[in-house]
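Quick note: the coordinates plus some simple rules give every number you see, no bench work behind them. Note that the structure is predicted; figures quoted are calculated from it, not measured.
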Amino acid sequence: MSVSIEQVRHIAKLARIAMSDEEIERLAPELNNILGWVEQLGEVNTDGVEPLTAVIDQKLRLRDDVVTEGNIRDEILANTPEAQHGFFAVPKVIE
């Protein structure tokens, strides 16, 4: 697959990127090199290979789900700049 200068110009227009003719002429070969590399990756045999999210095995560290003290609303609301009727008070943003 190859990208022409007109296609690069069109891509830049779609992305709303202002590019000079010189920049477009420099970008076209770079995009062609990237596409060639992607095509080369497509030739690799991946039969029987499970999809990976990372190359090393990672375990998700979770904390224990422990019930803590409840009914601490007043302590929590003590940290807020303003509270009304037992809730956080925030400025009105819609008129």
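Odds and ends about this structure:
- For ALA83, residues with placed amide H under 5 Å, excluding near neighbours: ALA89
- Residues in segment 44-51 carry Karplus couplings, in order, of 6, 6, 10, 4, x, 9, 6, x Hz; the curve used is 6.51 cos²θ - 1.76 cosθ + 1.60 with θ = phi - 60°, and Gly or Pro positions show x.
- Backbone phi angles across segment 37-43, fed through the Karplus curve with coefficients 6.51, -1.76 and 1.60 (θ = phi - 60°), yield HN-Hα couplings of 5, 5, 5, 5, 5, x, 7 Hz in residue order; Gly and Pro are listed as x.
- Global form of the chain, assessed from the alpha-carbon gyration tensor, a/c cut-off 1.5: oblate
- Adding -39500 (n - 2.57) for every DSSP H run of four residues or longer, then dividing by how many residues the chain holds, sets the calculated 222 nm ellipticity at -12000 deg cm²/dmol.
- Segment 12-41-segment 49-95 distance, computed between alpha-carbon centres (Å): 43
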